[in-house]
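A.B. asks: Okay, here's the structure, questions in a sec.
The values are calculated or read from the model by the stated rules, or taken from the named source; none is laboratory data. None of these values were measured; they are calculated from a predicted model. With ideal geometry, Cβ positions are generated from the backbone for all residues, glycine too; neighbour counts draw on all protein chains shown. Each accessible area value is taken on the protein alone, full model and side chains, heavy atoms only, with ligands, DNA and RNA left out. Shrake-Rupley method; radii C 1.70, N 1.55, O 1.52, S 1.80 Å.
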Amino acid sequence: MTIHTPPTHIAAQVDAFRLANGMDVVVVPDHRAPIVTHMVWYRNGSADDPAGKSGIAHFLEHLMFKGTAKWPAGEFSKIVAGFGGQENAFTSFDYTAYFQRVPKQHLRAMMDYEADRMTGLHFDEDVVAPERNVVLEERRMRVDSDPAAQLGEEFSAALFLHHPYGTPIIGWEHEIEELNRQDAFTYYQRFYTPENAILVVAGDTDAAEVRALAEATYGAIPARGETPLRKRPAEPEPRASRRVVLADPRVRQPSLRRGWLTPTYVSGDRDEVFALELAAEILGGGTTSRLYRTLCVEQELAAGAQAYFMGSMVDRSAFQISASPRPGVAMETLEAGLDAVLAAFLEQGPSEIELARARTRLVAETVFARDNQSSLARIFGSSLAVGETVADVLAWPERIEAVPREAVVAAARRYLRPDRAVTGLLLPATA
């Protein structure tokens with residue numbers, strides 16, 4: 001599910017503009033507390049890593065905390081902590097973001113820092129190897145020690161045969177080991193430009209204040225020229241179903257996952273993507289969903305079952321379902337039950353009651369999510385970073401409400417076919 005909509009009382013005040021150097025700015029006023037969330041989003045992520053350099057976007061994210069001439073490593077983090085604030089960063093397939101959440105009077109300091117970091121990153125060779133080791137250890141902890149994460153990597157690689165969405169965000173271990181200082185700076189100079197950046201400020205401020213501060217800080221950075229192009233290969237249409245099986249003695253709870261390639265809001269027919277959002281909610285959006293109700297409650301085959309879909313990506317996306325068998329239930333039995341649920345859904349489609357409930361749940365979840373100021377900033381930042389607009393974000397609830405039953409049936413039948421599916425099985429190792 002993709003959560004888009006901001007609160008009604010905030011949506012009416014959202015303002016967006018562009019600085020003279022090409023940097024986009026979004027302001028989301030929220031006066032409920034004297035706090036602001038300041039985020040800078042760059043339109044590059046792991047899918048933009050050069051061939052053979054997987055993990056460089058994430059590695060650079062780490063190195064961005066190694067300081068500038070003005071702010072040596074660790075100094076600004078101490079300042080933010082002294083304000084009683086929080087800071088962090090994250091890398092995804094399509095974007096990298098840096099954020100601080102601080103009392104509103106320190107907004108200018110956050111802009112000063114990020115503007116300086118956009119052009120003044122500075123670190124010596126002696127910090128590269130230790131930070132690379134930190135990333136390698138992060139990978140070992142998150143992936144090598146977790147069979148489910150290992151299956152996830154293999155599953156994605158099978159789902160995306162050609163597109164870099166099939167490569168882990170953190171990178172492959174053997175390529176991380178070869179990343180160096182020059183790789184990081186080459187990537188930094190290509191993508192960390194004002195034309196490639198989005199500033200999102202949510203909190204106790206307004207457009208006039210943010211515009212003045214942004215022009216004084218980010219606006220002083222000279223434009224570089226054209227926005228850097230994303231150079232990505234296109235994923236071919238799947239022609240055969242595929243299976244990925246991982247057996248490991250550490251597995252205590254077997255699981256099954258299945259995925260299909262789908263369009264996104266940016267790369268495909270938007271009406272189809274809205275329909276897929278509803279299909280995911282109907283099939284696996286909680287304890288009243290079709291999968292959970294049938295497999296977990298009625299047939300008592302599964303301990304859990306859910307569906308997931310993310311429509312806000314630059315290129316292709318994946319519609320995924322997963323389930324775990326109850327003790328004593330064979331994986332073959334669970335898979336047969338799941339196949340039957342999917343077949344019935346494709347044949348009959350959802351009932352009008354299921355569709356109405358799914359619409360209500362999706363919109364209600366966005367209402368709950370929008371009470372968080374950081375969530376507001378992330379909603380707008382992530383959407384704009386993949387190519388959507390503020391208007392797209394604001395219109396999301398109405399578009400969901402308007403999807404007819406026939407559209408959900410048509411989208412499900414087109415994309416959730418057995419011959420397009422990748423199935424992943426996580427099993428305990430047998431002697």
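A.B. asks: Give the relative contact order (percent, whole number) for the chain; include only Cα pairs under 8 Å separated by 6+ residues.
C.D. replies: Contact order relative to length: 25 percent.
A.B. asks: Between segment 373-431 and segment 102-145, what is the C-alpha centre distance in whole Å?
C.D. replies: 30
A.B. asks: Here is a follow-up. Contact order normalised by length for segment 1-123, with contacts defined as Cα pairs under 8 Å and 6 or more residues apart; what percent is it?
C.D. replies: Relative contact order, segment 1-123: 28 percent.
A.B. asks: Give me the percent relative contact order of segment 255-303, please, defined on Cα pairs under 8 angstrom at least 6 residues apart.
C.D. replies: 15
A.B. asks: Right, next: Dipole size in debye (nearest 20) for the chain around its Cα centre, Lys and Arg Cβ +1, Asp and Glu Cβ -1?
C.D. replies: 400
A.B. asks: Helix by helix, which DSSP H runs in the chain go 15 Å or more along their axis at the Cα atoms and have an average Kyte-Doolittle hydropathy of -0.5 or more?
C.D. replies: 147-159, 270-284, 331-348, 352-369, 373-385, 390-401, 405-415
A.B. asks: Quote the charge dipole size of segment 243-371 about the Cα centre in Debye, to the nearest 20; the model charges only the Cβ of Lys and Arg (+1) and of Asp and Glu (-1).
C.D. replies: Roughly 420 debye, rounded to the nearest 20.
A.B. asks: How many Å² of accessible area per residue for segment 49-111, probe 1.4 Å?
C.D. replies: Result: 40 Å² per residue.
A.B. asks: Roughly what % of Cα-Cα distances in segment 200-284 sit above 18 Å, to the whole percent? Show your work: numbers first, answer last.
C.D. replies: Values: 2657 of 3570 pairs.
Counting pairs separated by more than 18 Å, the tail of P(r) holds 74 percent.
A.B. asks: Now for a separate question. Please arrange Asp419, Asp116 by accessible surface area, largest first, computed with a 1.4 Å probe and ligands excluded. Kindly include the intermediate steps, with their values, before the conclusion.
C.D. replies: On the way: Asp419 75, Asp116 35 Å².
Heavy-atom accessible area, descending, gives Asp419, Asp116.
A.B. asks: Using the Cα gyration tensor of segment 315-355, with a ≥ b ≥ c the square roots of its eigenvalues, what is the shape: rounded (a/c below 1.5), prolate (a/b larger than b/c) or oblate (neither)?
C.D. replies: It is oblate, given that a/c is not under 1.5 and a/b is not larger than b/c.
A.B. asks: Another one. Lys pairs in the chain, Cα-Cα under 27 Å, at least 8 apart or on separate chains: how many?
C.D. replies: Going through the chain pair by pair, I get 7.
A.B. asks: Turning to a different aspect of this structure: Would you mind getting the accessible area per residue of segment 241-348, heavy atoms of the protein chains only, 1.4 Å probe, in Å²?
C.D. replies: Working: 4310 Å² over 108 residues.
Here the residues of segment 241-348 average 40 Å² of exposed surface.
A.B. asks: Same structure again: Would you please state the base-10 log of I(q)/I(0) at q = 0.07 1/Å for the chain, with intensities from the Debye formula using one equal scatterer on every alpha carbon?
C.D. replies: -0.37
A.B. asks: Using a 10 Å Cβ count of at most 13 others and DSSP loop calls, identify the longest part of the chain lacking such trypsin sites (Lys or Arg not before Pro).
C.D. replies: It runs 253-431.
A.B. asks: Now for a separate question. If you rank Asp315, Asp269, Asp94 by how much accessible surface each has, with a 1.4 Å probe, what is the order from largest down?
C.D. replies: Asp269, Asp315, Asp94
A.B. asks: Can you figure out the FRET efficiency of Gln150 with Phe17, using R₀ = 45 Å and their beta-carbon distance, to the nearest 0.05?
C.D. replies: Efficiency, from the Cβ-Cβ distance: 0.50.
A.B. asks: So, with a 1.4 angstrom probe, what is the percent of accessible area on segment 217-315 that is carbon and sulfur?
C.D. replies: Details: 2410 of 4650 Å².
Ligands and nucleic acids excluded, carbon and sulfur reach 52 percent.
A.B. asks: Out of all DSSP beta bridges with both ends in the chain, state the antiparallel percent to the nearest 5.
C.D. replies: Restricted to the chain, the bridges split so that about 80 percent are antiparallel.
A.B. asks: Counting only heavy atoms of the protein chains, get the accessible area per residue of segment 368-430 (1.4 Å probe) and round it to a whole Å² value.
C.D. replies: 42
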